[in-house]
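Down below is the structure, laid out as structure tokens.
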Amino acid sequence: MARLKTLGSRIKEGSSSWVKVVTPGSWRSGMTSSQRGYNYKWQKVREQYLRDNPLCVYCARQGRTVAAGVVDHIEAHRGDMTLFWDQASWQSLCKLCHDSVKQAEEAGSL
């Protein structure tokens, strides 16, 4: 039986593909996701919202039927917990649309 070679010294200590980037002065600076509202209560409400609204609204506009996996705040709440919990300002998006189209819209490049 052949032995598996280990990665050993080929992995640099401290190297990570997970880099937290938060713009200095942002309302999010120094806060965990839980402190920003994305806690257990959010997870439960998010799950229910996706059960009730299972399709990506952006894909639906294009005539595609794609399962949503993200509850997106239509209007950026920037820490306003009243807006954060306002379900009228939520929409279901697939991860691809959330991470591309929606981010481009917020950046003003669409």
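Scanning region 46-89 for residues being surrounded by 13 or more Cβ atoms within 10 Å (Cβ to Cβ), part of a helix (DSSP H, G or I) and out of contact with any Asp or Glu (no Cβ under 6 Å at 6 or more places or on another chain) gives a total of 9. Residues of region 64-110 that are more than 10 Å from the chain's Cα centre (by Cα) and of a type in the set (Gly, Ala, Ser): Ala67, Ala68, Ala76, Gly79, Ala88, Ser89, Ser92, Ser100, Ala104, Ala107, Gly108, Ser109.
None of the figures in this text is laboratory data; all of them are computed from the coordinates on show. All values derive from a computational prediction rather than experimental measurement. Here the Cβ is made from the backbone with ideal geometry for all residues, glycine too, and neighbour counts use every protein chain on show.
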